[in-house]
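Visitor: I have a structure I would like to understand better, so I am pasting it below and will then ask my questions one at a time.
Please treat every number below as a calculation from the coordinates, not as lab data. As the structure is a prediction and not an experimental result, all values here were calculated from the model. Positions of Cβ are backbone-derived with ideal geometry, glycine not excepted, and every protein chain shown enters the neighbour counts.
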Amino acid sequence: MNELQKIEPQLDLNKVILIGHSNGGDTSMMLAQTHPEMVSKIISLDSRRYPFPRNSKLEILRSGAIDDKPDEGVVPESSVQVIYVKGARHIDLCDQGSPEIKDEIKKSIIQFLRIGKS
């Protein structure tokens, strides 16, 4: 964060929004768990291993694939918005997905980001 602030001093890095696919999503969850004061929202594109933070103030969107499920206990039963993109496989939830799948993911992300704003 300190390095990013040097490169882009105009950014407000007090509360960031993290997004990550697979292991990147797991890493985002770990950062939010260990430094909750730094994160306002997380967008998980099929992260499956690291337990999601159980923090009611943290907004989380999880996009899941049809061909894989998260490990047991990773995603809490409440407080997480979960969507499944029709026909999307795990690999499709990164930059290798079709334009149609990417559009669906973008729509869900935009909707998620707008919900918290009044």
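Visitor: Can you tell me which residue is farthest from Asp68 (Cα to Cα) among those in segment 89-106 that are within 16 Å of the chain's Cα centre (by Cα) and assigned to a loop (DSSP other than H, G, I, E, B)?
Guide: The residue in question is Asp95.
Visitor: Name the residue, out of Pro9, Pro36, that is farther than 20 Å from Leu93 by Cβ, without any contact (Cβ under 8 Å) to a residue 24 or more places away in the chain and either surrounded by 14 or more Cβ atoms within 10 Å (Cβ to Cβ) or under 17 Å from the mean Cα position of the chain (by Cα) (or both).
Guide: The match here is Pro36.
Visitor: Let me ask you something else. Among the residues of segment 39-49, what is the count of those that are buried (at least 20 other Cβ atoms within 10 Å of the Cβ) and without any contact (Cβ under 8 Å) to a residue 40 or more places away in the chain?
Guide: Of the residues in that region, 4 qualify.
Visitor: Within the set of pairs 6 or more residues apart or between chains, which connect a residue that is in a strand (DSSP E or B) inside segment 55-80 to a residue that is among the small types (Gly, Ala, Ser) with Cβ atoms less than 6 Å apart?
Guide: Qualifying pairs under 6 Å: Glu59/Gly116; Arg62/Ser44.
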